[in-house]
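**Student:** I'd like to ask some things about the structure below.
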Amino acid sequence: MTMGLAVIMIVLLGVMGAGLLTFVSRDLNVVIEENRGQRAFEMADAGVAAAKRQLISDCVGAQSTTCSALYGGTGTSPWSAAQGGLTLGDLDADGLGGTADSVHVKISQPSTNHFLVVSTGTYGVATRKIEAMFEGGAGGGGGGGGNVTFPTGWTPSSILVKGPDVHLNAMSLFAGGNIIIDGVTNQTSCTTTTTGRPPRETTTTTCTNPWTNFQNEYDSNGGTIGTISGTADRLADWDSRNLNPSGTWNIVGRKKLDNNGDPILSGNYNQTAYEKSGFAAEGLVCGTTTTTSHIPNCDEDEPADSIADGHYAYDSTTGSKLAWDTTTNSYSKPYGQRVTFQRKSPQDDPNQPSSIISYPFPIEPQPDPVRLKQVALDSDTYYRALDGDTFYKPADPNTFFTWDDLVPNGNNDEVVFIDAQNNDLTYDIGSSRNGIIVAWCGNLQMTNATFQGIVLAMKGDGAALPNDPGGTPSTNCLNDDNKGVLTTDNSTLKAWLYSNNTSIVTPGIQIGENTTLFFMPNGNFNLLDVLLQDPVMTSINPKGWRELYE
């Protein structure tokens, strides 16, 4: 009996031991397989990183122009999907005696400045695959990120600040023409005081400067410029070397002034740099003939018309500003930072004279209406205007759309291109919207609007643009100086406003009453391949990735 029990126990223990050994062996195999899978995933991830480095090498900077030839449909790079991709082996450098490992990488370019990477990692018998997307970015000023970022107002045309109560929040205005501030004059006044008694009395004459009224307008609340708010301009002191992304578009920063009107040059950055909102014009920063005339006083051949002070505002005259000097009873005392605002050629020339201050962002390339219309045609967001707020698509002229249809709630990252057909368009959606709006051959008024994005008013030769569906050419307004004008009133805009109307008579951007302007948040819209003419990539930025399962 006892012997039989012992035999049974031995058999049971043997069976249990064999089962346990099976379970342990199975678990060990699972762990080994998981480890191999993890190592294979790491190989695939390393392939993605290698692909990004290769894209930076092949596509950033001067190589931008040849990037499509390397990774486009029939790309010639050995990394290109068209060539089958590239295999890299022994990434863990364990030699012939170690477990075999490799990664196979394929790069394709499905659209301009967008890249798709498929990386397949192998470790032993395990395989993992990752798909990653990258986007080309271009240098700009401020804001961080990789997209081109412009201030709220940069335009090759002139800007009219009509007011009243225009509010600038941490942003500056830049113009290739003039910046006209309505109601501010360059008129001066003098007072004479006498001290002492005859025959030893002393007479002193003190006169205001041509820019005194502008400085008072900038510093006070109310008037044409309601407020200047925000602790610092998003473009800081305009030295683009200190921005992100950085560049050498401008290497002369703005300076604070002492009580004598001289730039403060010694001390740390916070003591010397001036960072609040500012104005800059290649022509003049100027006013009107009187405070109520609304007639610009802005003759570029008359430097005296300038109200720029070389501190709050810079223009073509600020390199030689002379303030009133009581010792000579004349305008003979140098005043302000004494630098002239002008564009550079090339725009990123690092050898910038210290007497010049320039745009702290690339002003070339500029928005291209040919590209913009084609993008809108491709995304079915191209319209013609029947009047100021009714639109139709050329392929279906009997179906009408409103602004609510063109710019609905939500994330609108498609280009809405409107051939205004010489109509004046009025955008008046009160609720917050975002998007990219292009008004061609018409004028666009943003009123009672809360909008974030990009707004462009453009004019030109319609024959240069792609034809409509059906072959109809775009409206031609090349010689009409009254088209391509963008106006605002009673609106809050976190947007880049742009006009290509370079007429001397008609300012392309006109900022009306109760308009609040903010710097456009960077990264919300990709300006690089949508808006600009032949942009140069300065970075390769990840846009997303996923693991692929087979």
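**Student:** Of the numbered conditions (1) exposed (fewer than 15 other Cβ atoms within 10 Å of the Cβ); (2) assigned to a loop (DSSP other than H, G, I, E, B), P362 satisfies every one except a single condition; which is it?
**Tutor:** (1)
**Student:** Another question, then. Mind listing just one residue for me: the one in region 296-305 that is in contact (Cβ under 8 Å) with a residue 40 or more places away in the chain and of a type in the set (D, E, K, R) and, of those, surrounded by the most Cβ atoms within 10 Å (Cβ to Cβ)? Walk me through it before giving the result.
**Tutor:** Within region 296-305, the subset in contact (Cβ under 8 Å) with a residue 40 or more places away in the chain is 296-298, 300, 304-305.
With of a type in the set (D, E, K, R) added as a condition, the list becomes 300, 305.
Values: E300: 18, D305: 22.
Result: D305.
**Student:** Determine, yes or no, whether G253 is more than 21 Å from the chain's Cα centre (by Cα), among the small types (G, A, S) and closer than 17 Å to A313 by Cα.
**Tutor:** On the way: more than 21 Å from the chain's Cα centre (by Cα): no; among the small types (G, A, S): yes; closer than 17 Å to A313 by Cα: yes.
Spelling it out, it is not the case that G253 is more than 21 Å from the chain's Cα centre (by Cα), among the small types (G, A, S) and closer than 17 Å to A313 by Cα.
**Student:** If I filter region 105-142 down to residues being crowded, with 21+ Cβ neighbours inside 10 Å and modelled with pLDDT under 75, which single residue comes out as farthest from F519 (Cα to Cα)?
**Tutor:** Ranking the qualifying residues of region 105-142, first place goes to N113.
**Student:** Identify, from the list D461, D428, the residue that is assigned by TED's automatic domain parsing to the domain that holds Q510 and in contact with an Asp or Glu (Cβ under 8 Å, 6 or more places away or on another chain). Don't jump to the end; show me each part of the working.
**Tutor:** Working: D461 fails: in contact with an Asp or Glu (Cβ under 8 Å, 6 or more places away or on another chain).
Residue meeting the stated conditions: D428.
**Student:** When region 176-204 is examined, which residues are found to be in contact with a Ser or Thr (Cβ under 9 Å, 6 or more places away or on another chain), in a loop (DSSP other than H, G, I, E, B) and surrounded by fewer than 18 Cβ atoms within 10 Å (Cβ to Cβ)? Even if it seems obvious, please write down each step before you answer.
**Tutor:** Narrowing region 176-204 to residues in contact with a Ser or Thr (Cβ under 9 Å, 6 or more places away or on another chain): 176-196, 201-204.
Now drop any that are not in a loop (DSSP other than H, G, I, E, B), which leaves 176-178, 182-189, 196, 201.
Of everything in region 176-204, those that are in contact with a Ser or Thr (Cβ under 9 Å, 6 or more places away or on another chain), in a loop (DSSP other than H, G, I, E, B) and surrounded by fewer than 18 Cβ atoms within 10 Å (Cβ to Cβ) turn out to be Q187, T188, S189, G196, E201.
**Student:** Of everything in region 417-436, what is assigned to a strand (DSSP E or B), at pLDDT 95 or above and not polar (S, T, N, Q)? Give them in sequence order. Walk me through how you get there before you give the answer.
**Tutor:** Quick first cut of region 417-436, residues assigned to a strand (DSSP E or B) only: 417-419, 424-427, 432-436.
Imposing the further condition that a residue be at pLDDT 95 or above reduces the set to 417-419, 424-427.
Answer for region 417-436, where residues must be assigned to a strand (DSSP E or B), at pLDDT 95 or above and not polar (S, T, N, Q): F417, I418, D419, D424, L425, Y427.
**Student:** Just checking, how many residues over region 151-175 are part of a loop (DSSP other than H, G, I, E, B) and surrounded by fewer than 20 Cβ atoms within 10 Å (Cβ to Cβ)?
**Tutor:** Taking region 151-175 first, the residues part of a loop (DSSP other than H, G, I, E, B) are 151-152, 156-158, 164-165, 170-172.
Pick out the ones that are also surrounded by fewer than 20 Cβ atoms within 10 Å (Cβ to Cβ) and you get 156, 164-165.
Result for region 151-175: 3.
**Student:** From the list R384, R371, which residue is assigned to a strand (DSSP E or B), over 30 Å from D309 (Cα atoms), among the charged types (D, E, K, R) and in contact (Cβ under 8 Å) with a residue 12 or more places away in the chain? Lay out the reasoning, then the answer.
**Tutor:** On the way: R371 fails: assigned to a strand (DSSP E or B).
Just a single option satisfies the conditions, and that option is R384.
**Student:** Got a number for residues in region 333-344 being over 19 Å from T538 (Cβ atoms) and in a loop (DSSP other than H, G, I, E, B)? Outline the logic, then answer.
**Tutor:** Taking region 333-344 first, the residues over 19 Å from T538 (Cβ atoms) are 333-343.
Among the residues that remain, those that are also in a loop (DSSP other than H, G, I, E, B) are: 335-339, 342-343.
Result for region 333-344: 7.
**Student:** OK, next. Inspect all residues belonging to region 264-274 and state whether any of them is assigned to a loop (DSSP other than H, G, I, E, B), in contact (Cβ under 8 Å) with a residue 12 or more places away in the chain and not small (G, A, S).
**Tutor:** At the first step, the residues of region 264-274 found to be assigned to a loop (DSSP other than H, G, I, E, B) are 264-268, 274.
Okay, now just the ones that are also in contact (Cβ under 8 Å) with a residue 12 or more places away in the chain, so 274.
Cutting the leftovers down to not small (G, A, S) gives us 274.
Among the residues of region 264-274, at least one is assigned to a loop (DSSP other than H, G, I, E, B), in contact (Cβ under 8 Å) with a residue 12 or more places away in the chain and not small (G, A, S), which makes the answer yes.
**Student:** Return the residues of region 306-333 that are touching a residue at least 24 places away in the same chain (Cβ under 8 Å) and surrounded by fewer than 22 Cβ atoms within 10 Å (Cβ to Cβ); say none if nothing qualifies.
**Tutor:** S316, G319, A323, W324, T326, N329, Y331, K333
**Student:** Related question: Return only the number of the condition from (1) assigned to a loop (DSSP other than H, G, I, E, B); (2) at pLDDT 90 or above; (3) buried (at least 20 other Cβ atoms within 10 Å of the Cβ) that G261 does not satisfy.
**Tutor:** (3) is the only condition that G261 fails.
Yes/no per residue for (1) under 21 Å from the mean Cα position of the chain (by Cα); (2) surrounded by 15 or more Cβ atoms within 10 Å (Cβ to Cβ):
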position	(1), (2)
N398	no, no
D404	no, no
V407	yes, yes
G410	yes, no
Y427	no, yes
F451	yes, yes
I454	yes, yes
G460	no, yes
A464	no, no
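**Student:** Here's a follow-up. Does S57 qualify as being surrounded by fewer than 18 Cβ atoms within 10 Å (Cβ to Cβ), part of a helix (DSSP H, G or I) and either modelled with pLDDT under 80 or within 33 Å of the chain's Cα centre (by Cα) (or both)?
**Tutor:** Here the answer is yes, as S57 does meet what is asked.
**Student:** Next question, about the same structure. Identify, please: which residue in region 510-550 is at pLDDT below 60 and among the hydrophobic types (A, V, I, L, M, F, W, C) and is, among those, nearest to K52 (Cα to Cα)?
**Tutor:** Among them, the one singled out is L528.
**Student:** Quick check on this structure: which one of T272, T224, T288 is among the hydroxyl-bearing types (S, T, Y), within 30 Å of the chain's Cα centre (by Cα), buried (at least 16 other Cβ atoms within 10 Å of the Cβ) and within 25 Å of P156 (Cα to Cα)?
**Tutor:** Working: T272 fails: within 25 Å of P156 (Cα to Cα); T288 fails: within 30 Å of the chain's Cα centre (by Cα).
That would be T224, the only listed residue that is among the hydroxyl-bearing types (S, T, Y), within 30 Å of the chain's Cα centre (by Cα), buried (at least 16 other Cβ atoms within 10 Å of the Cβ) and within 25 Å of P156 (Cα to Cα).
**Student:** Something else now. Return yes or no: is D299 of a type in the set (D, E, K, R), part of a loop (DSSP other than H, G, I, E, B), out of contact with any Lys or Arg (no Cβ under 8 Å at 6 or more places or on another chain) and not assigned by TED's automatic domain parsing to the domain that holds I228? Give the derivation first.
**Tutor:** Numbers: of a type in the set (D, E, K, R): yes; part of a loop (DSSP other than H, G, I, E, B): yes; out of contact with any Lys or Arg (no Cβ under 8 Å at 6 or more places or on another chain): yes; not assigned by TED's automatic domain parsing to the domain that holds I228: no.
For D299, the condition - of a type in the set (D, E, K, R), part of a loop (DSSP other than H, G, I, E, B), out of contact with any Lys or Arg (no Cβ under 8 Å at 6 or more places or on another chain) and not assigned by TED's automatic domain parsing to the domain that holds I228 - is not met.
**Student:** So how many residues does region 71-104 have that are in a strand (DSSP E or B) and crowded, with 20+ Cβ neighbours inside 10 Å? Please lay out each step first, then the result.
**Tutor:** Taking region 71-104 and keeping what is in a strand (DSSP E or B), we get 80, 86-89, 101-104.
Now drop any that are not crowded, with 20+ Cβ neighbours inside 10 Å, which leaves 80, 101, 103-104.
Matching residues across region 71-104 total 4.
**Student:** Moving on. Can you give me the number of residues within region 466-492 that are charged (D, E, K, R), within 27 Å of the chain's Cα centre (by Cα) and within 23 Å of K393 (Cβ to Cβ)?
**Tutor:** Residues meeting the conditions: 1.
**Student:** Hey, does region 373-384 have a residue that's under 30 Å from A439 (Cα atoms) and of a type in the set (F, W, Y)? Step through it out loud before you land on a result.
**Tutor:** Of the residues in region 373-384, the ones under 30 Å from A439 (Cα atoms) are 373-384.
Okay, now just the ones that are also of a type in the set (F, W, Y), so 382-383.
Yes: one or more hits.
**Student:** Follow-up question, since we're still on this one. With respect to T231, determine if the residue is modelled with pLDDT under 95 and within 30 Å of T538 (Cα to Cα). If you could, list the steps in order and put the result at the bottom.
**Tutor:** Details: modelled with pLDDT under 95: yes; within 30 Å of T538 (Cα to Cα): yes.
When the stated conditions are applied, T231 passes them.
The values are calculated or read from the model by the stated rules, or taken from the named source; none is laboratory data. On a predicted model such as this, the values are computed, not experimentally measured, just so you know. Every residue, glycine as well, gets a Cβ built from its backbone with ideal geometry; the counts of neighbours run over all protein chains shown.
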